């Protein structure tokens, strides 16, 4: 499943993909070896995860993070961005 990142804040991306995946904050935390309250903190925007962490959460939940380029009217996935760097 894809989520278009242009439309959301990082806290919303994490919450949406976690809820759609029917995983708890504890489930995600266990898979990342971090505390559930850290995931909660990300979702409440009390702390800011780095982009790598957001990508890992998306991968765990079987989501692909994409960006929409309004000029070219194309979607670019995070994996596409990684290949270009």
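Evaluate the range 77-85: report whether one residue or more is in contact with a helix residue (DSSP H, G or I) (Cβ under 7 Å, 6 or more places away or on another chain), surrounded by 13 or more Cβ atoms within 10 Å (Cβ to Cβ) and in a helix (DSSP H, G or I). Yes, that holds for at least one residue.
Within the range 34-57, track down each residue that is closer than 16 Å to residue 5 by Cα, out of contact with any helix residue (DSSP H, G or I) (no Cβ under 7 Å at 6 or more places or on another chain) and assigned to a loop (DSSP other than H, G, I, E, B). Across the range 34-57, the qualifying residue is only 50.
Name every residue in the range 25-47 that is surrounded by 12 or more Cβ atoms within 10 Å (Cβ to Cβ) and touching a residue at least 24 places away in the same chain (Cβ under 8 Å), in order of residue number. If the condition is that a residue be surrounded by 12 or more Cβ atoms within 10 Å (Cβ to Cβ) and touching a residue at least 24 places away in the same chain (Cβ under 8 Å), then 28, 31, 32, 39, 42, 43, 45 are the ones that fit. Residue 22 meets all of the listed conditions (1) at pLDDT below 95; (2) surrounded by fewer than 17 Cβ atoms within 10 Å (Cβ to Cβ); (3) outside any helix (DSSP H, G or I) but one, namely (1).
The values are calculated or read from the model by the stated rules, or taken from the named source; none is laboratory data. Bear in mind that the values here come from a model prediction, so they are computed numbers and not experimental data. Counting neighbours? That spans all protein chains shown, and the Cβs are built from the backbone with ideal geometry, glycine included.
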